[in-house]
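The values are calculated or read from the model by the stated rules, or taken from the named source; none is laboratory data. Fair warning: this is a prediction, and the values are worked out from it, not measured in the lab. As a convention, Cβ positions derive from the backbone with ideal geometry for all residues, glycine included, and neighbour counts pool all protein chains shown. Please note that ligands, DNA and RNA were not included when accessible areas were found on the heavy atoms of the full protein model with its side chains. Shrake-Rupley method; radii C 1.70, N 1.55, O 1.52, S 1.80 Å.
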Amino acid sequence: MSLSASGLGMTSPRARARMIERLRADGIAEERVLAAIAAVPRHLFVEEALASRAYEDSALPLGFSQTISQPFIVARMIEILMRGRELGKTLEIGAGSGYQAAVLAQLTPEVYAVERIAPLLARARLNLRKIQQFRVRLKHADGQQGLPEAAPFDTIIVSAAASELPHALLQQLAPNGRILLPFGTERQTLRLFERRAKNIAEIRVDSLVNFVPLLSGLE
Ligand code: SAH
């Protein structure tokens, strides 16, 4: 793959390798996740003016009041979902730049992602094309309704904070499927739920996070 910005020190493979070392130092232990993050050039998912900051461990603005998630949070969420299992057929709510979807696509062949802001979705499409990632299926939709036409999913990962449990999403989980979502308004925590034979069980995970809110309707 040729990376136009690879001549710039800050976007070099070395900058990416340093980011991986930092994630490891911060406690990300799942090698599959670290390898997936190492494989995705994050600087191609942020605006050019911010490319030199793409491998800092910070959230960066995407426009439309949205942010590309901090690499640590992307890694942490996927690591939680991969604990002792494969991701399987995966749905992301809140595609934003397409970055996390690209990371997911390194880990599982079937990735769907929805985004409610049309220009962001267009950008995600473009970004994924830039890295020749054609496996992610993107749709302009309100993710609170999930993606019924492609359900059920083994994994659902929500990239915006919900203030109530999105029941449509719980219903679209396959047997033993799991959903991970940031939950809350001021103080947000990650919550993990699993579909069992007779009920939906919550599995405790400890993580304070800070996401933009999950909103209704399309823009
Ligand atoms: N995962 C993204 C960053 C997500 S930011 C990345 O890697 O770049 C959160 C995204 O969720 C924003 O783009 C926002 O528009 C989107 N979002 C918020 N509520 C949504 C909803 N109900 N349905 C779909 N997308 C939603």
From (1) away from the ligand (no atom under 16 Å from the Cβ); (2) surrounded by 15 or more Cβ atoms within 10 Å (Cβ to Cβ); (3) not in a strand (DSSP E or B), pick out the condition that doesn't hold for residue 193. (3)
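Quick grid of which residues meet (1) within 11 Å of the ligand (Cβ to nearest atom); (2) under 16 Å from residue 212 (Cα atoms):
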| residue | (1), (2) |
| --- | --- |
| 116 | yes, yes |
| 124 | yes, no |
| 134 | no, no |
| 145 | yes, no |
| 158 | yes, yes |
| 171 | no, no |
| 178 | no, no |
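Okay, residues lined up against (1) touching a Phe, Trp or Tyr at 6+ places or on another chain (Cβ under 9 Å); (2) open to solvent by 50 Å² or more (accessible area, probe 1.4 Å); (3) closer than 19 Å to residue 80 by Cα:
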residue: 158; (1), (2), (3): yes, no, yes
residue: 163; (1), (2), (3): yes, yes, no
residue: 172; (1), (2), (3): yes, no, no
residue: 183; (1), (2), (3): no, no, yes
residue: 189; (1), (2), (3): yes, no, yes
residue: 198; (1), (2), (3): no, yes, no
residue: 203; (1), (2), (3): yes, no, yes
residue: 216; (1), (2), (3): no, yes, no
Restricting attention to the range 78-92, report how many residues are open to solvent by 40 Å² or more (accessible area, probe 1.4 Å) and within 10 Å of the ligand (Cβ to nearest atom). 0
Would the range 54-77 turn up any residue that is open to solvent by 30 Å² or more (accessible area, probe 1.4 Å), in contact with a helix residue (DSSP H, G or I) (Cβ under 9 Å, 6 or more places away or on another chain), closer than 26 Å to residue 18 by Cβ and acidic (Asp, Glu)? yes
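Return yes or no: is residue 95 touching a residue at least 12 places away in the same chain (Cβ under 8 Å) and under 20 Å from residue 192 (Cβ atoms)?
Working: touching a residue at least 12 places away in the same chain (Cβ under 8 Å): yes; under 20 Å from residue 192 (Cβ atoms): no.
No, not satisfied.
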Within the range 205-214, of all residues that are open to solvent by 40 Å² or more (accessible area, probe 1.4 Å) and assigned to a strand (DSSP E or B), the one nearest to residue 156 (Cα to Cα) is 213
